[in-house]
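See below for the structure under consideration.
The values are calculated or read from the model by the stated rules, or taken from the named source; none is laboratory data. Note that the coordinates shown come from a computational prediction; the quantities given were computed from them, not determined experimentally. As a convention, Cβ positions derive from the backbone with ideal geometry for all residues, glycine included, and neighbour counts pool all protein chains shown. These accessible areas exclude ligands, DNA and RNA; they are computed on the full protein's heavy atoms, side chains included. Shrake-Rupley method; radii C 1.70, N 1.55, O 1.52, S 1.80 Å.
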Amino acid sequence: MDVTRRQLLWAGGAIGAAGLLAGCGGSGGGSDDTAASGAPTETPRSGGTLRVGALGHASAITRDPHGTQANESDYLIIALVFDTLTVPGAATNTAPRLAASWTSSTDLRTWRFKIAKGAVFHDGTPVTADDVVWSLKRLRNTPSGEARLPGIQAKNIRADGEDTVVVVSDYANADFPLLTRFTTFVLKKDTPSSQIAKAPGTGPFKLDWFRDGNARLVRNDMWYGGTVHLDAIEVTMFETPQAMANALLVGQIDLASNAGAVAARTAEPRKDIQVLRRPNDMAMPIVMRTAKGSPFADERVREAMRLIVDREAMVKQVLSGYGTVANDILGTGDPDYAKDIAQRGRDLPRAGKLLKDAGFDLSKTYELVTTEDISGLADSATLFANQAREAGVKVKVVKQESGAFWQKTWKTGDFYTTYWGTNDSVVFFASKTMVSEAGQNETGWDDAGFDAAYRKVISTADPTKRAVALKELQQIEHDRSGYLLWGMADGIDLAAAKVRNLPRLPGYGRVQLEDVWLS
């Protein structure tokens, strides 16, 4: 499995060029730029331990901030102990963290990040530019480093004095700060691999103990980002959303992260449980491989599949209504998302004509591979197979165990389901999954027109011109990509009534628990 696949499930928040091109000031804290729950008139109370449930499997546990985070529980722990350069924000989309501010050269290739004043590691050692440079180079040199820091070579990351890091991109990229939000965890320079699991971070919490995927974290009173109210956070790993939700309902934990629609329906009648919905938080597309030799290589076939699906029925039945219809464009939360591109609906006659014109073999049965990693994923495959039958297309759903799916099917299969637990920008998804050199090019798409449109977008500084270029990019994706994105699922957390100021940002944003307090 690729080392960043599920890290990306945490990445959150859309971004516009205007928020990136100007230097972004402020300290590393999130309280002024974070959407959170709780009554604004209440005074936060210090103390207490927040018991959090998060999903994970014992076979996939990792302690390395730059390694494989296949478990949400692992990522939660790492994100509370270690800081990234930037984080998702509510007002500015990409907000300061360990990087207090950033600026770019006029050609959008050279980026300078200023380290937050007062930032220290948990052992009291000041954070220097050399620590950040070493960490970014270590990240870049991982097997998926090119996907994590696209366009950046390790040799082009350097320190400029004690508090400034300079990163030079191979090409103009107005969106580069966005890419530093969820994998750029900073460790002390020259930390031995054998000591990574116990290495001090700079985050709002320090590791007290870790056992079999479960952990206790205690408040870091030296955190540069502001006041942390909780004494501690205890993280418990659960293998299924159902088990986690049940633990919340009987009072064993205080917060169930990413619990899903079924749990939400159960909890909504209860006054002692908060149901937090993050609209349009998770994409659950069907992937059609576009490479030569695939049954879906012809774009007419891909368009036919997108016309076969009944999107409203998918949202109603698969997501229990906790979601919205999508239009085959990833990044619906982008401020410049092209809402004026006509919504694709179901059209079986046109789908049939396209399949006939493309010479699609209706006598064959096509396997749609899925997994039960998240609630509703396998159900979406089953419902689509039923809908396809109405168009004369025979689809057999094949369920694979999670490990086998990510190792054998993801990025290589002809026809499979996938999911992205974030609603990020259009450019984020383009850079990660659709340009020909993308590290997570799930569909094997190699489209010169799309690549050119992508480079035009990220090299355009003027917001108006950029929006026009982004519309062109989205139109190409809508017309001929390998994705069938039928809907966006809501992200759902469950919490006890006493929990205050929970983050409402999507993806990675929901692990920013430093401002949470207990009443």
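Results, tabulated for the structure shown:
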{"item": "Net charge of Cβ neighbours under 10 Å - reference Trp102; Lys, Arg +1; Asp, Glu -1", "result": "+2"}
{"item": "Mean ellipticity per residue at 222 nm, deg cm²/dmol - from DSSP H runs of n ≥ 4 across the chain, formula -39500 (n - 2.57)", "result": "-6500 deg cm²/dmol"}
{"item": "Residue-span extension gain [Glu239 to Val325] - 0.36 nm each, minus C-alpha spacing", "result": "28.1 nm"}
{"item": "Neighbourhood charge, 12 Å Cβ-Cβ cut-off, centred on Leu217 and excluding it, Lys, Arg +1 and Asp, Glu -1", "result": "0"}
{"item": "Helix axis angle, 348-357 relative to the chain longest principal axis, alpha carbon, degrees", "result": "80"}
{"item": "Order by protection proxy (mean Cβ within 10 Å, highest first), peptides 359-372, 46-59", "result": "46-59, 359-372"}
{"item": "With every protein chain in place, the chain: carbon and sulfur % of accessible area (1.4 Å)", "result": "48"}
{"item": "Placed amide H near Gln274: partners under 5 Å, 5+ positions off or other chain", "result": "Ala495, Ala496, Ala497"}
{"item": "Simple Cβ-charge dipole of segment 54-127, Lys/Arg +1 and Asp/Glu -1, about Cα centre, in debye nearest 20", "result": "340"}
{"item": "Above-threshold pairs, the threshold being 32 Å between Cα atoms, out of Lys155/Lys399; Lys206/Lys498; Lys399/Lys471; Lys114/Lys206; Lys316/Lys356; Lys292/Lys394", "result": "Lys155/Lys399; Lys399/Lys471"}
{"item": "Relative contact order (percent, whole number), segment 180-300, Cα cutoff 8 Å, 6+ residue spacing", "result": "11"}
{"item": "Given charges at Cβ of Lys, Arg, Asp, Glu: segment 72-156 dipole, positive-most of His122, Leu76, Thr103", "result": "Thr103"}
{"item": "Tensor-based shape of segment 372-519 (alpha-carbon gyration tensor, a/c under 1.5 rounded, otherwise prolate or oblate)", "result": "oblate"}
{"item": "Ser73 accessible area, 1.4 Å probe, all protein chains in place, Å² to nearest 10", "result": "0"}
{"item": "Between 0 and 90°, nearest 10: helix 72-81 axis offset from the chain longest Cα axis", "result": "30"}
{"item": "Overall form of segment 310-383 per C-alpha gyration tensor (a/c, 1.5; a/b vs b/c)", "result": "oblate"}
{"item": "Rel. contact order, % - alpha carbon contacts under 8 angstrom, at least six apart, the chain", "result": "24"}
{"item": "Segment 456-471-segment 376-447 distance, computed between alpha-carbon centres (Å)", "result": "28"}
{"item": "Of all DSSP beta bridges in the chain, antiparallel share, percent nearest 5", "result": "75"}
{"item": "When the convex hull of its Cα atoms is projected in every direction, mean area for the chain (nm²)", "result": "22.3"}
{"item": "Rounded accessible area per residue of segment 96-255, 1.4 Å, Å²", "result": "40"}
{"item": "Karplus (6.51, -1.76, 1.60) ³J(HN,Hα), θ = phi - 60°, over segment 380-389, in Hz, Gly and Pro reported as x", "result": "5, 5, 5, 5, 4, 4, 5, 5, 5, 4"}
{"item": "Segment 40-91: relative contact order as a whole-number percent, Cα under 8 Å and 6+ apart", "result": "26"}
{"item": "J(HN,Hα) series, segment 390-399, from Karplus relation 6.51 cos²θ - 1.76 cosθ + 1.60, nearest Hz, glycine and proline x", "result": "5, 9, x, 9, 8, 10, 10, 7, 10, 9"}
{"item": "Amide H contacts under 5 Å for Leu55, placed H, 5+ residues apart", "result": "Glu72, Ser73, Phe238"}
{"item": "Distance from segment 164-228 to segment 291-334 (C-alpha centre basis), Å", "result": "36"}
{"item": "Segment 188-322: C-alpha gyration tensor shape, a/c 1.5 cut-off, then a/b vs b/c", "result": "oblate"}
{"item": "Segment 373-519, accessible area per residue, ligands and nucleic acids excluded (1.4 Å, Å²)", "result": "30"}
{"item": "Summed residue charge, Cβ within 11 Å of Ala381's Cβ, Lys/Arg positive, Asp/Glu negative", "result": "-1"}
